[in-house]
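As structure tokens, the structure follows; a few thoughts come after it.
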Number of protein chains: 2
Amino acid sequence: MPKITLTRLDAASADFNGQLDRLLAWNESEDLSVHQRVLEIITEVRIQGDQALVDYTNRFDRRTVNDAAELELSQDQLKAAFEAVPEAQAKALQTAAERIRAYAEHQKIASWSYTEADGTVLGQKITPLDRVGLYVPGGKAAYPSSVLMNAIPAKVAGVPELIMVVPAPKGELNQLVLAAAYIAGVDRVFTIGGAQAVAALAYGTETVPPVAKIVGPGNIYVATAKKLVFGQVGIDMIAGPSEILIICDGKTDPDWIAMDLFSQAEHDENAQAILISDDQSFLDAVDRSINKLLPEMERAEIIQASLTGRGALIRVENLRQAAEVANRIAPEHLELSVADPEALCEQIRHAGAIFLGRHTAEALGDYCAGPNHVLPTSGTARFSSPLGVYDFQKRTSLINCSPEGSSELGKTASILARGEGLTAHARSAEYRIKTD
Amino acid sequence: MPKITLTRLDAASADFNGQLDRLLAWNESEDLSVHQRVLEIITEVRIQGDQALVDYTNRFDRRTVNDAAELELSQDQLKAAFEAVPEAQAKALQTAAERIRAYAEHQKIASWSYTEADGTVLGQKITPLDRVGLYVPGGKAAYPSSVLMNAIPAKVAGVPELIMVVPAPKGELNQLVLAAAYIAGVDRVFTIGGAQAVAALAYGTETVPPVAKIVGPGNIYVATAKKLVFGQVGIDMIAGPSEILIICDGKTDPDWIAMDLFSQAEHDENAQAILISDDQSFLDAVDRSINKLLPEMERAEIIQASLTGRGALIRVENLRQAAEVANRIAPEHLELSVADPEALCEQIRHAGAIFLGRHTAEALGDYCAGPNHVLPTSGTARFSSPLGVYDFQKRTSLINCSPEGSSELGKTASILARGEGLTAHARSAEYRIKTD
């Protein structure tokens, strides 16, 4: 295996910000032919319903389904999948599910209200979404952990009906994915995928009920379909390649740091793994560990492509500067592998998830620490948040004016409405002003 | 003025759901030439910065600006605008601002964490966005109330820098809008508008700093630009036409209900105002009030177009059925003009804001009740929420494993990672398992 040469940057160099911007640059190229094809599929499913769903599924997934009813799995099938899982894996899935659920319980938002002196009541009422769709990719990218991470917050939010879709290419299904669906409490499962599954969830067919929101990862067809049905239904974020940024003070075992970088890089060639340190000799040591450990890795080629193309070792003057660079990157995952991670954490404003201390490997968060592994990528942590229970709840404002309250508010509203030239607004408010 | 004939529906009719769907149907037609034009403007502003901003502003707003610095208003100018406002209006704006702020304070989300038995700490850290852009339309659609509703939640969230953009066609500005910006604590104001203003906020120019999120209403160019820069920055919802749904038991003054319908219909021809009642004679009475009051209205033509084209009077069997219809519509504004609004409210799952009781005119909520008037439209209340403080805050997950915690979690993560074929994940976790 040839030596990996990682990009080296120094925060002290004059053009550092420009170099960093180029390193981070990621433009998902919009493919108009994909857009057009997906639009056709959505239209067909809206018009033809089940028949289109069966036809596309037979064509794209090489199946021989006659009736849409055959696309649904029974709860007995999910249970059987769970019971067939080797005990150690079953136990690990259950442990992960319990921890994800315990953490999610802390995220529930509750209705609130307050009463003013004149009896007017103001507040917000929180309700779960009626029905949610969970997209799960088929084939090699089928991750049971992803089922747990997407499904459990929805159930904790109180979503009464959670519909999972997962393609079954040539009829094959990942039994661990079905076991995870069983553990997470998924209500119904349809073996459909691609843009046709997204369209069915958004608009409903005779067999698949329409949902209020669609979450879960997928390929370019799925992502494009989600963008196109947005507005008809809610969607979660459209994720870019996965990223890790590690800040290390040079005192962690360089093999640990190298492996933490690998754990991100092995996802795909576009994944981004970056290490920042104030210790030049440590950066060199990690470089050596990377080259030492790489030949042992099963996914060595993917790791090599990712680290060579998008990885970097960045030297900074001190940890304060490291925090500044991290805030500029706003990484999906941020490891603070330093002596006082809490102090450094105080300086971080933007990250999807922060892993504090040398023992907190990012991989623990991917599976079972509890927090969600669906996180904002590509710098979007500057304005968005991890997937959580709150994504499956919504708010409705409540206004209940007493006669006295509406009389007083009516005077203010009348003045402002007339200032905006909206006289029906003004007169509607004025009707409620007491004249006696 | 010719008689208004409103669509009449009866929930008991066989095809009611189909008729309702057709009444609600709203498709914002995508204009590809607008899309293309906006894309060009964004590209120019990204490449040319201030120069493009000045050129577009001079061209589209018929101004004669030489230097981008001329586009910024000073805090003194905002203060002067506020001081020039007639006292009654200034007081009304301040009252509204205080109530919006008081309500917003209840919405702040706070950081939280918990410690497990082995010392592992899990939680979420809440941070405000660094910098937010607020778009305010110019000309006749310039609403000071909209400035308050968008700006105050951002400041309550703790956003350090709030940048407002508002076009000044031929140099003209609405002084009430500037006064509202002064009251709301807007930090900087640029007199720019259209797609060029959105592009400047998203990418920054030499003069306009880049923001993390852009909120506020705008025309088709602004809405298209917001969609196109989404991902680079966060955006709020893209609003459809405004809607009101009123459920009345027939005991409210029909003139009040007619005026409440008008207050929505006067916004624009596409606004939708619907009344549901279980009392046929009351529907007739409101119909008469509508025709009686319409000639008195300043915006009678808009109201007539809106009510004729998209309004409706719907008869239901009872209030339970009214709630079912409301949940199907998921209206932006819902008035419960009934004897026991709290009981009926219990049955409502989907609405942007609910106005309880005969005295709670929707117009009060538009200006000064406290809750935000930026609400989900076009049925999106099924999955989304009013604008609030939470839209200007974001969450970062925190994971701080003790050595014991990471050792235990490492075992679970290792099993699950190997089940997914991700061996770098497994080995990264395994390094943290205690072997002594």
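Just a few scattered comments:
- Taking the stretch B:220-261 as the range and being assigned to a loop (DSSP other than H, G, I, E, B) and modelled with pLDDT of 95 or more as the test, the residues that pass are B:D249, B:G250, B:K251, B:T252, B:D253.
- Yes/no for B:Q107 being in contact with a strand residue (DSSP E or B) (Cβ under 6 Å, 6 or more places away or on another chain) and either among the polar types (S, T, N, Q) or without any contact (Cβ under 8 Å) to a residue 60 or more places away in the chain (or both): no
- Residue that is farthest from the other protein chains (Cβ to nearest Cβ), among those in the stretch B:420-436 that are part of a helix (DSSP H, G or I) and surrounded by fewer than 23 Cβ atoms within 10 Å (Cβ to Cβ): B:E430
- Scanning the stretch B:262-276 for residues that are among the small types (G, A, S) and either outside any helix (DSSP H, G or I) or closer than 22 Å to B:A11 by Cα (or both) gives B:A271, B:A273.
- Positions within the stretch A:342-351 being facing chain B (nearest Cβ under 7 Å) and buried (at least 23 other Cβ atoms within 10 Å of the Cβ), in sequence order: A:A351
- A single entry from B:S414, B:S407 fulfils the requirement of being under 19 Å from A:H359 (Cβ atoms), surrounded by 21 or more Cβ atoms within 10 Å (Cβ to Cβ) and modelled with pLDDT of 95 or more: B:S414.
- Qualifying position, being at pLDDT below 95, surrounded by 14 or more Cβ atoms within 10 Å (Cβ to Cβ) and either under 18 Å from A:V166 (Cα atoms) or within 14 Å of chain B (Cβ to nearest Cβ) (or both), among A:L78, A:L53, A:L39: A:L39
- Checklist (1) without any contact (Cβ under 8 Å) to a residue 40 or more places away in the chain; (2) more than 23 Å from B:A305 (Cβ to Cβ) applied to B:Q19, failing item: (2)
- Selection from the stretch A:386-409 of residues that are farther than 30 Å from A:D236 by Cα and within 44 Å of the chain's Cα centre (by Cα): A:N400, A:C401, A:S402, A:G405, A:S406, A:L409
- B:L93, sole failed condition from (1) free of Cβ contacts under 8 Å to residues at least 40 places away in the same chain; (2) over 22 Å from B:A202 (Cβ atoms): (1)
- Residues considered: A:E362, A:E335, A:E317. Of these, the only one that is over 27 Å from the mean Cα position of the chain (by Cα) and assigned by TED's automatic domain parsing to the domain that holds A:S263 is A:E317.
- Boolean, A:A323 is modelled with pLDDT of 95 or more, more than 16 Å from A:P241 (Cβ to Cβ) and part of a loop (DSSP other than H, G, I, E, B): no
- When the stretch B:88-133 is limited to residues that are more than 10 Å from chain A (Cβ to nearest Cβ) and in contact with a Leu (Cβ under 6 Å, 6 or more places away or on another chain), the one that is surrounded by the most Cβ atoms within 10 Å (Cβ to Cβ) turns out to be B:G133.
- Looking across the stretch B:366-418, the residues that are over 30 Å from A:A361 (Cβ atoms), part of a helix (DSSP H, G or I) and either within 8 Å of chain A (Cβ to nearest Cβ) or not aliphatic (A, V, I, L, M) (or both) come down to B:D366, B:Y367, B:T380, B:A381, B:R382, B:Y390, B:D391, B:F392.
- Failed criterion for B:T377 (all others in (1) in contact (Cβ under 8 Å) with a residue 24 or more places away in the chain; (2) buried (at least 24 other Cβ atoms within 10 Å of the Cβ) hold): (2)
- When each of A:T120, A:T95 is tested for being touching a Gly at 6+ places or on another chain (Cβ under 8 Å) and of a type in the set (S, T, N, Q), the lone residue that passes is A:T120.
- Enumeration of residues in the stretch A:134-144 that are surrounded by fewer than 17 Cβ atoms within 10 Å (Cβ to Cβ) and within 11 Å of another protein chain (Cβ to nearest Cβ): A:K140, A:A141
- Out of B:V147, B:V165, B:V159, sole residue that is more than 8 Å from chain A (Cβ to nearest Cβ), of a type outside the set (D, E, K, R), crowded, with 22+ Cβ neighbours inside 10 Å and closer than 14 Å to B:V389 by Cα: B:V159
- Residue within the stretch A:135-158 that is of a type outside the set (A, V, I, L, M, F, W, C) and in a strand (DSSP E or B) present: yes
- Within the stretch A:81-111, the set of residues being of a type in the set (S, T, N, Q) and farther than 30 Å from A:T127 by Cβ comprises A:Q89, A:T95.
- Considering B:A225, B:A239, B:A179, the condition of being under 30 Å from B:R37 (Cβ atoms), in contact (Cβ under 8 Å) with a residue 40 or more places away in the chain and surrounded by 20 or more Cβ atoms within 10 Å (Cβ to Cβ) is satisfied by B:A225 alone.
- Lone qualifier among B:E296, B:E266, B:E301 - being within 14 Å of another protein chain (Cβ to nearest Cβ), buried (at least 18 other Cβ atoms within 10 Å of the Cβ) and farther than 21 Å from B:I41 by Cβ: B:E266
The values are calculated or read from the model by the stated rules, or taken from the named source; none is laboratory data. Remember, it's a predicted structure, so these values are computed and weren't measured experimentally. Heads up, the Cβs are rebuilt from the backbone with ideal geometry, glycines too, and the neighbour counts pull from every protein chain shown.
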